[in-house]
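Chemist: Following this message is one structure expressed as structure tokens.
The values are calculated or read from the model by the stated rules, or taken from the named source; none is laboratory data. This structure is a prediction, so every number in the text was calculated from the model and none was measured. Cβ atoms come from the backbone with ideal geometry, glycine included; neighbour counts cover every protein chain shown. Quick note on the areas: whole protein, heavy atoms, side chains included, nothing else; ligands and nucleic acids left out. Shrake-Rupley method; radii C 1.70, N 1.55, O 1.52, S 1.80 Å.
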Amino acid sequence: MATLITRAAILLLIGALLAPVGAAAQVKLSKQEREAAEARTAYDRGLVFFEQGAHKEAEKEFRNAEKKTDDKNLDYVFAAAFNYLKLHRPDDARKRYERIYKKDPTNTRALVGMAASYEEAQNYREAVKIWMRYARMTLPPAEGQEAAALLRSAQELFAAHYEIAENPAGGAPNLATPQQELEWGLGAAKEIAASGLPLVADKTVSDYVANLSQALVKRAKYFPTNYELFVLDSATVNAVTTPGFIFVFRGILEAAEDEAALAGVLAHEIGHSVAHHAAKMQTRAAQDQQQLQKYRESNSGWSRFMAGLLEGGNPLGQLRFSREQEEQADRLGVHIAFDAGWNPAGITQLFQKFESMSPSSRSSWDLMMQTHPFSIDRIHAVTEYAALLPPRATRTNSPEFTRMKARLKALPPPPDATGLMRPMAPPVKPPAAASRVRSWSLTNAPFEGTMPEDWTARPTESGTTVFEGAEGTDAYQVTVELQVAPTSGLKGLALADMAGRVAANLKERPRARVEAPVPDRTPGGQPVLRIAAAYGVEDEQGRIVPVRHVSAVVEFPGWFAVVSYFGPESHYNRFLTEAEAIANSLSFTGR
């Protein structure tokens, strides 16, 4: 630090400090002339103290010189500012340099002093900005080379010591211990696991993400190395970290157009953990509750107002704090990605991609929008911040990233943005004769078919027929339901009208997402409209269980049949073959 300040400040300032000042004339002086003479005398004494290293005494003399001249003699102001740098009081020094620079933006001595003051304060971000301004000025060749060297030195300091400016362990209070943070992270991870989202079961993809994450974690200061990584098979565009865990949604892998963008997202998420944002929010919530109790115990109007604000979730404070967290995570992510060798502004590719999308095509980005609100300002802020780093060779892509993307395209499509829906598999042929199946038929309608031997068919009070596995088995968790109705009682409804009724009924389910009907045909050639849906069902413990559902509306001569298959996300795919076999075996007897 001292070396850099000496190179910069002494180069342009020491000559002014030691500039000779003529002796006062031995004649009767006016008050103004007398004060000017006293200022010169104080300045001379200050120079003596400065040369002796007595900077506290020099401060008093330089301050006296400043006061008697109202900043008109810049030598006095420069001397006081440089002495404050020696006293490690950079704010006092910077104020003087800034005052001179505002009056004269061409004063390079003031500009260099501002940069040196920021470096003394360990605010390397602002120091780099000032050195950039200085290096862009029209300077003599030797001074221009020196300016470029000083800028590069400041950029290296910025890259090496960014945590001083970011202060990730400081800022908002964090009362949680590391063990408490890990316990909170484990609880959050269990909630994500309980949602039933499947993992991407492909080694090429999961190994790539694991290696990329590990490369970033190695360069992330204060991030635990014993974390766990999960790649979730969901079309949702997002990535999430909790203390000790990283969750990467498949949608973010598909949305990233290059490796630097994906590295930027993961580095941003790691930045949230480095800065203890989760623990700080927990601390803030606990402190709000304590403050709420104090307001409730007071009768003042202001206290009642603040109590109402806190009871409503403190929206003003939380919104501001959330923005601060996102901005800080952006900056920390820039450094982490840069240190690991990627283009530090890579994350802006995803920001720009989202901004260019039409609102109707943003559904899979919904979760990321809720947890990481985008804006044009963030794009500019990240780009400008990354430009402050030293010029180094960074990468944007890799052969491993290309292979991972190719592998993703070869995998079955992920669920939709809710993490629940997956396109219905193509129709399969009915089970072969050797399969263990048994027949069923309806007594009140001309239909029959087959079902697995260990399943049962039972009528319900609503007039439908339910097919299900034996009670106590996993197959009992899913249901195939058949509903038939003569077209004569439906006032001439067409197949599309019937499908519309089914879709409308599904949309009434809690948290429902319903796809548009897709035309198809049964193995026997009858026209079909298939409707995929997802919704949530509350279990006995009050938790919301994600359910997947598909209905096939089939038209027969004089009849409509609706075959529906539904079950929890965790069981849906396991019994999809059995459900399709029951649906495809449906036969119209014509009796």
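Chemist: Apply the Karplus curve 6.51 cos²θ - 1.76 cosθ + 1.60, θ = phi - 60°, to the phi angles in segment 575-589 and return the couplings in whole Hz, x for Gly and Pro.
Modeler: Per residue, the Karplus-derived 3J(HN,Hα) values read 10, 5, 4, 4, 5, 5, 5, 5, 5, 6, 7, 4, 10, 9, 7 Hz.
Chemist: Under 29 Å between alpha carbons, and skipping anything fewer than 8 positions from residue 67 in its own chain: which lysines qualify?
Modeler: 28, 31, 56, 86, 95, 102, 103
Chemist: Quick one: putting +1 on the C-beta of Lys and Arg, -1 on the C-beta of Asp and Glu, what dipole do you get for segment 41-183 around its Cα centre, in Debye to the nearest 20?
Modeler: Taking the Cα centre of segment 41-183 as origin, the dipole is about 640 debye.
Chemist: Ordering 549, 571 from largest to smallest accessible area (1.4 angstrom probe), what's the sequence?
Modeler: Largest accessible area first, the list is 571, 549.
Chemist: Can you tell me the accessible area per residue over segment 458-591, all protein chains present, probe 1.4 angstrom, in square angstrom?
Modeler: Normalised by residue count, the accessible surface of segment 458-591 is 51 Å².
Chemist: Another question about this same structure. From the cross-link list 190/218; 68/129; 203/507; 280/405; 280/353, which pairs have alpha carbons spaced over 29 Å apart?
Modeler: Long pairs (Cα-Cα over 29 Å): 68/129; 203/507; 280/405; 280/353.
Chemist: So what is Rg over Rh here for segment 187-241, counting just Cα atoms and using Kirkwood for Rh?
Modeler: Ratio of gyration radius to Kirkwood radius for segment 187-241: 0.97.
Chemist: Further, regarding this structure: In nm, to one decimal, how far is the residue 194 label point from the residue 516 one, both placed 7 Å along Cα→Cβ?
Modeler: Label at residue 194, label at residue 516, 3.8 nm between them.
Chemist: Using only the Cα atoms of segment 79-134, build the gyration tensor, take square roots of its eigenvalues as a ≥ b ≥ c, and label the shape rounded, prolate or oblate: rounded if a/c is under 1.5, else prolate if a/b is larger than b/c, else oblate.
Modeler: Oblate, because a/c is 1.5 or more while a/b does not exceed b/c.
Chemist: Starting from segment 480-534, pick out the trypsin sites (Lys or Arg not before Pro) whose DSSP state is loop and whose Cβ has at most 16 other Cβ atoms within 10 Å.
Modeler: Within segment 480-534, the qualifying trypsin sites (Lys or Arg not before Pro) (loop, at most 16 other Cβ atoms within 10 Å) are 491, 511.
Chemist: If you build the convex hull over the alpha carbons only and average its shadow over all orientations, what do you get for segment 32-103? Give it in nm² to one decimal.
Modeler: That works out to 4.3 nm², a quarter of the Cα hull's surface.
Chemist: According to the square roots a ≥ b ≥ c of the eigenvalues of the Cα gyration tensor, what is the shape class of segment 442-591, taking rounded for a/c under 1.5, prolate for a/b larger than b/c otherwise, and oblate for the remainder?
Modeler: Judged from the Cα gyration tensor, segment 442-591 comes out oblate (a/c at least 1.5, b/c at or above a/b).
Chemist: Please list, ordered by chain and number, the residues whose modelled amide H lies under 5 Å from the amide H of residue 522; skip anything fewer than 5 residues away on the same chain.
Modeler: Result for residue 522 returns 528.
Chemist: Checking the cross-link filter: which aspartates and glutamates have an alpha carbon closer than 20 Å to that of residue 60, excluding same-chain neighbours under 8 positions apart?
Modeler: The qualifying aspartates and glutamates are 35, 38, 44, 51, 70, 71, 75, 91, 92.
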